[in-house]
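Here's the structure, in structure tokens; my notes come after.
The values are calculated or read from the model by the stated rules, or taken from the named source; none is laboratory data. Since this is a predicted model, take the numbers as computed values, not measurements. All Cβ positions, glycine included, derive from the backbone under ideal geometry; neighbour counts span all protein chains shown. Quick note on the areas: whole protein, heavy atoms, side chains included, nothing else; ligands and nucleic acids left out. Shrake-Rupley method; radii C 1.70, N 1.55, O 1.52, S 1.80 Å.
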Amino acid sequence: MKKSRLLNSEVSYEISKLGHTDHITICDAGLPISDSVKRIDLAIERNIPPFIDVLDPILEEMMVEEIILAKEILENNFSIYDEIKRLFIKHNMKPKITLITHEEFKVITKKSKAIVRSGECSPYANIILKSGVVF
């Protein structure tokens, strides 16, 4: 059995395949997901699991050099934005933060290697994690 927190085999496998600048998306329950991208659906019911509870163990497994967020998060879900920043501090990472429109965000997700869907039901609780390197 795996020793680290991230037990979901699909998520762990997708992270293990990432190269430098490849990216995965973690999203809320409402983000549209293209049929062309691998979907890993963790949603059980409204807000289970929460977005932050999905992001936290992923950051233990993945080196992130840049995050992409919809700029609308700043006005519509600042508490999630604060939690995201707190988690990166916890995991000793200082990624570049890129803010774009939600419409642009949805386009970029089509290039993700995988999209992990949480049960989060709050607005703009979505993040694109761009892979860094550990050396």
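How about the stretch 28-135: which helices (runs of 4 or more DSSP H) wholly inside it have at least 2 residues that are of a type in the set (S, T, N, Q)?
Numbers: elements: 51-61, 73-76, 78-90, 102-109.
In the stretch 28-135, no matching helices (runs of 4 or more DSSP H) lie anywhere.
Does GLY19 satisfy being closer than 16 Å to LYS110 by Cα, modelled with pLDDT of 95 or more and part of a loop (DSSP other than H, G, I, E, B)? Let's see the steps before the verdict.
On the way: closer than 16 Å to LYS110 by Cα: no; modelled with pLDDT of 95 or more: yes; part of a loop (DSSP other than H, G, I, E, B): yes.
Judged against the criteria, GLY19 is not a match.
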Any idea which of (1) among the small types (Gly, Ala, Ser); (2) under 14 Å from the mean Cα position of the chain (by Cα); (3) outside any helix (DSSP H, G or I) is the one SER12 doesn't satisfy? (3)
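Out of curiosity, is LYS111 touching a residue at least 60 places away in the same chain (Cβ under 8 Å), open to solvent by 80 Å² or more (accessible area, probe 1.4 Å) and more than 23 Å from LEU6 (Cα to Cα)?
Numbers: touching a residue at least 60 places away in the same chain (Cβ under 8 Å): yes; open to solvent by 80 Å² or more (accessible area, probe 1.4 Å): yes; more than 23 Å from LEU6 (Cα to Cα): yes.
Spelling it out, LYS111 is indeed touching a residue at least 60 places away in the same chain (Cβ under 8 Å), open to solvent by 80 Å² or more (accessible area, probe 1.4 Å) and more than 23 Å from LEU6 (Cα to Cα).
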Give the stretch 114-135 a look and list any residue that's open to solvent by less than 10 Å² (accessible area, probe 1.4 Å) and either more than 15 Å from GLU65 (Cβ to Cβ) or without any contact (Cβ under 8 Å) to a residue 40 or more places away in the chain (or both), or say none. ALA114, ILE115, VAL116, SER118, GLY119, ALA125, ASN126
Before we move on, is ARG46 touching a Cys at 6+ places or on another chain (Cβ under 6 Å) and among the basic types (Lys, Arg)? yes
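Any residue at all in the stretch 59-72 that's basic (Lys, Arg) and without any contact (Cβ under 8 Å) to a residue 40 or more places away in the chain?
Yes: the stretch 59-72 contains one or more residues that are basic (Lys, Arg) and without any contact (Cβ under 8 Å) to a residue 40 or more places away in the chain.
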When you scan the stretch 73-108, how many residues do you find that are surrounded by 15 or more Cβ atoms within 10 Å (Cβ to Cβ), more than 22 Å from LEU18 (Cα to Cα) and not hydroxyl-bearing (Ser, Thr, Tyr)? 8
Under 9 Å between Cβ atoms, at least 6 apart or on separate chains: pull out the pairs that start in the stretch 3-14 with a residue that is under 12 Å from PRO57 (Cβ atoms) and end on any residue that is among the hydroxyl-bearing types (Ser, Thr, Tyr) and surrounded by 15 or more Cβ atoms within 10 Å (Cβ to Cβ). SER4/SER12; LEU6/SER12
